[in-house]
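Here, each number is a calculation from the coordinates, and none is a lab measurement. Treat the numbers as computed from the prediction; the structure is a model and nothing was measured. Positions of Cβ are generated from backbone atoms using ideal geometry, with glycine treated the same way; all protein chains shown enter the neighbour counts.
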Amino acid sequence: MNEPTTLRHECADCTIMSPIGLLHACTGKLSRWFDKYAPGLAPLLLRLLLAYEFGEAGLEKLNGDNWFADLSFPFPFSLLSADFSWTLATGLEIIAPIALILGLMTRLFSAALMVLTVVAIAAVHWPAQWHTLAELWQGYAITDQGHGNFKLPLMYLLMLSSLLLSGGGQLSADTWLKQRLPSI
């Protein structure tokens, strides 16, 4: 190993690598291994997690009763009927997870799911009333104890933002199509 002398402890009889030098060498090897063998895993893992979560919600809507009639949606979604909104949300939560698993049109479906999530936060997860930031902060939770519960949807928004900005990654249909159809 050709480590800098600042990371080694030199003695008269041997050269012993210091713990810091050893840690530095190991993290460097691990980093090179990830660079070589796992560059497309991060977006793939995000896509799979989000596909599972939104797919599960879509299947619950598909097999459940429409409860959108009791909600107040933000404009322009307030102009749509509860039945149409239910069908639209259910369809997106069924189709988008399939596209995310494949990595097909990742940015488009990430943006669509972001809109769906913002509407869900506004209509369902945001606290009904809050007067101080401390009261609003109580809604940053995963609970059904009142005060809202926008923590999980906010986490989904950030994960979807990552896919929107970076795309589906190397292990996606988007990348495969781009390599075969360079004009896209």
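Could you please find all residues in region 132-184 being touching a residue at least 24 places away in the same chain (Cβ under 8 Å) and β-branched (Val, Ile, Thr)? Hit for region 132-184 is 175, nothing else. Within region 49-74, being surrounded by 15 or more Cβ atoms within 10 Å (Cβ to Cβ) and closer than 22 Å to residue 98 by Cα holds for 50, 51, 53, 54, 55, 57, 58, 61.
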